[in-house]
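Novice: This is the structure I have questions about; it appears just below.
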Amino acid sequence: MRGTGCLLRSEGILLLLLQVYSAYADNFKVEVPVEPVSAHVGSSVLLPCRISTGVNAVRMEVSWVKNGNETVHVYASGADLESRQSSGFKGRTHLDKEALGAGNVSLQLNNVRVSDEGSYQCYVLSESWFTDSTMKLKVSALGRSPRFSLAGRLDSDVTLQCDSEGWFPKPDLQWRNVKGADLTGRAVLTEKPGADGLFTLQSALQISEQEADGVICLIRHGKERRVLQTRIHIGGVFFSLVAPLWKGFSVFFIVCLVLFALCISAAVYYYRKREATEEIQRQNLLAECDDLRQEIKSKGFVLKSEWKQIQAESVAVTLDPDTAHCRLIVSEDGKRVRNDYNDKNVPNTERRFEHHLFVLGREGFTSGRRYWEVEVGKRDSWKLGVASESAKRKGVLDLSPKEGYWVLQLRFGHELSALTDPVTPLKVLPPLKVGVHLDYEEGKLSFYRVEDRGVIYTFLGKFSGKLFPFFYPGDEDEELVILNKDTKNKDQSDNSVSLEMGPDKTGM
């Protein structure tokens with residue numbers, strides 16, 4: 001009986017430990033996108049994954065596995081373990097060690113291949129809990145425009161061949177005449193998957209003289225049904241001369257003359273139509289670039305060209321110690337501020353915040369587009385934005401646009417929100433550096449994650465009066481640092497020298 005009692009107590013303790021572990025682990029989850037992530041062959045793609053609480057993952061073990069059996073990347077004991085990585089992924093993955101401190105375990109996959117498509121599991125293991133989640137990666141490749149060639153003839157008919165390569169997944173190839181009739185059912189299609197997984201299509205179609213006024217070969221690809229097409233026209237004289245009238249060497253000679261004439265005609269035709277063809281190709285490329293731009297923007301990121309334009313609008317922002325709460329210390333150069341928890345003997349003017357640990361910039365803006373960057377690091381809390389000159393500074397403040405404050409805040413190290421009325425929670429990764437872009441005339445105030453050009457949030461409205469940069473360094477005894485310098489004017493204070501700016505190309 002004594003042995004039975006010990007056994008029951010041991011089982012009870014084990015059950016209790018399992019319950020405690022389960023309750024603890026439920027608080028820690030890894031978050032990945034619900035929708036598949038898309039990538040083009042040869043490009044780089046970020047596989048997003050983060051710990052829901054933003055807990056520091058530097059001392060944890062992080063593993064990425066594809067389809068449950070291929071080890072994509074392993075991080076443990078503070079280093080990447082290449083020895084455990086599958087050969088197909090070696091040299092193509094990167095885990096941002098700096099972002100691990102904020103619970104961001106996203107993996108960058110470079111030089112994307114067709115074989116990379118599939119399910120990816122993100123595993124995180126600590127000393128006390130383990131969790132994982134699964135996401136999907138979709139891979140695509142846009143091949144070349146279709147090309148025509150003459151494959152042969154039979155009696156008075158000729159056989160055209162349409163070729164196109166470099167596609168994934170496999171596209172649809174169709175034949176049509178100039179009236180829109182579908183000729184695909186008469187064609188013979190050959191598919192050639194290459195060693196790299198990309199498809200090559202070859203289709204042959206026999207046409208008569210009545211159809212020689214124009215034949216079109218189309219390629220349709222992907223959910224967006226991107227269409228590439230090529231059209232060919234063959235003169236009727238070609239059919240009359242290739243009819244079965246060759247008997248003897250004289251007919252062979254005539255055919256050679258016809259082919260020679262066709263070459264000259266084709267050269268003249270190509271010369272005359274070259275500009276039109278180049279224009280069509282240019283339009284196709286522009287359309288493809290527009291599609292890529294829209295895809296990047298739909299994921300919440302800014303194009304490099306637009307990012308350079310935004311950063312070109314940088315201004316020199318410095319802190320105004322006359323507005324700082326008495327517990328804040330502002331550096332002599334006006335670029336750093338921190339909370340030292342000690343009240344200082346400073347004049348309590350109307351410009352100074354008395355209840356909240358806030359400080360404003362010296363520079364006020366009433367027009368134009370202005371940009372500045374702030375290094376927030378891995379602190380638990382901060383607030384950034386702009387405040388109107390007439391906004392209340394004494395007593396308890398309502399930091400909302402209707403009170404003259406447009407503010408983005410971080411709490412508890414991972415909760416980002418825009419202080420609208422009501423507050424707007426933001427489900428994005430906390431930044432290490434924040435870019436602030438003010439477009440006064442458009443009524444836009446945008447916040448960016450500088451490290452990856454991600455859009456955090458944009459306030460939309462209408463501004464009036466003078467606006468000043470707004471800062472709150474948080475409760476930690478760490479400095480909040482203004483990074484960027486003025487790249488346009490030496491003096492950016494209001495009513496000084498106006499900025500000359502071109503059309504807005506930022507897409508905001």
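Novice: From the set of residues in segment 77-122 that are among the acidic types (Asp, Glu) and closer than 28 Å to residue 414 by Cα, which is surrounded by the fewest Cβ atoms within 10 Å (Cβ to Cβ)?
Specialist: Here the residue is 98.
Novice: OK, next. Just to be sure I understand the filter: pairs with C-beta atoms under 8 Å, separated by 6 or more residues or on different chains, first member in segment 349-366 and without any contact (Cβ under 8 Å) to a residue 40 or more places away in the chain and surrounded by fewer than 20 Cβ atoms within 10 Å (Cβ to Cβ), second member charged (D, E, K, R) and not in a loop (DSSP other than H, G, I, E, B). Which pairs pass?
Specialist: That search, which allows pairs on different chains as well, returns 349/322.
Novice: Return yes when residue 332 is under 20 Å from residue 386 (Cα atoms) and either open to solvent by less than 90 Å² (accessible area, probe 1.4 Å) or not polar (S, T, N, Q) (or both) and no when it is not.
Specialist: Criteria not met by residue 332.
Novice: What's the total number of residues in segment 307-320 that are over 13 Å from residue 469 (Cα atoms) and open to solvent by 30 Å² or more (accessible area, probe 1.4 Å)?
Specialist: Residues meeting the conditions: 4.
Novice: May I ask you to say which residue of 385, 377, 395, 435 is closer than 24 Å to residue 321 by Cβ, of a type outside the set (A, V, I, L, M, F, W, C) and in a strand (DSSP E or B)?
Specialist: None of the other options fit; the residue is 385.
Novice: Could you tell me whether residue 411 is closer than 22 Å to residue 481 by Cβ, of a type in the set (Lys, Arg), open to solvent by 60 Å² or more (accessible area, probe 1.4 Å) and over 29 Å from the mean Cα position of the chain (by Cα)?
Specialist: Here the answer is no, as residue 411 does not meet what is asked.
Novice: Using beta carbons and a limit of 9 Å, which pairs, at least six apart or on different chains, have the first residue in segment 328-343 and more than 14 Å from residue 480 (Cβ to Cβ) and the second one open to solvent by 40 Å² or more (accessible area, probe 1.4 Å)?
Specialist: Close Cβ pairs satisfying both conditions: 341/327; 341/475; 341/477; 342/327; 342/329; 343/327.
Novice: Being among the hydrophobic types (A, V, I, L, M, F, W, C) and touching a strand residue (DSSP E or B) at 6+ places or on another chain (Cβ under 9 Å): is that true of residue 396 here?
Specialist: No; evaluated as a whole, the condition is false for this residue.
Novice: Please go through segment 364-416 and give me each residue that is among the hydroxyl-bearing types (Ser, Thr, Tyr) and closer than 27 Å to residue 348 by Cα, ordered by number.
Specialist: Those that are among the hydroxyl-bearing types (Ser, Thr, Tyr) and closer than 27 Å to residue 348 by Cα: 366, 381, 388, 390, 400, 405.
Novice: With the requirement that a residue be crowded, with 17+ Cβ neighbours inside 10 Å and either in a helix (DSSP H, G or I) or of a type outside the set (Gly, Ala, Ser) (or both), what does segment 178-199 give you?
Specialist: The answer is 183, 198, 199.
Novice: Next question. Do we find that residue 157 is within 15 Å of residue 229 (Cβ to Cβ), of a type in the set (Asp, Glu) and touching a strand residue (DSSP E or B) at 6+ places or on another chain (Cβ under 6 Å) in this structure?
Specialist: The answer is no for residue 157.
Novice: Restricting to segment 430-462, name every residue that is without any contact (Cβ under 8 Å) to a residue 24 or more places away in the chain and open to solvent by less than 30 Å² (accessible area, probe 1.4 Å).
Specialist: The answer is 443, 449.
Novice: Of the residues in segment 354-392, how many are more than 20 Å from residue 333 (Cβ to Cβ) and of a type in the set (Asp, Glu)?
Specialist: Total satisfying the criteria: 3.
Novice: Looking only at segment 35-61, count how many residues are under 13 Å from the mean Cα position of the chain (by Cα) and either within 16 Å of residue 125 (Cβ to Cβ) or among the polar types (S, T, N, Q) (or both).
Specialist: The total comes to 3.
Novice: Quick one: would you say residue 158 is crowded, with 16+ Cβ neighbours inside 10 Å, touching a residue at least 12 places away in the same chain (Cβ under 8 Å) and not in a strand (DSSP E or B)?
Specialist: no
Novice: What number goes with the only condition from (1) surrounded by fewer than 17 Cβ atoms within 10 Å (Cβ to Cβ); (2) over 25 Å from the mean Cα position of the chain (by Cα); (3) closer than 28 Å to residue 112 by Cβ; (4) polar (S, T, N, Q) that residue 149 does not pass?
Specialist: Every condition holds for residue 149 apart from (3).
Novice: Please pick out the residue among 440, 472 that is closer than 22 Å to residue 412 by Cβ, modelled with pLDDT of 90 or more and not small (Gly, Ala, Ser).
Specialist: None of the others qualify; the one that does is 472.
The values are calculated or read from the model by the stated rules, or taken from the named source; none is laboratory data. Computed from a predicted structure; not experimentally measured. Cβ coordinates were reconstructed from backbone atoms using ideal geometry, including for glycine residues, and neighbour counts include every protein chain displayed. Note: areas computed on protein heavy atoms with side chains; ligands, DNA, RNA excluded. Shrake-Rupley method; radii C 1.70, N 1.55, O 1.52, S 1.80 Å.
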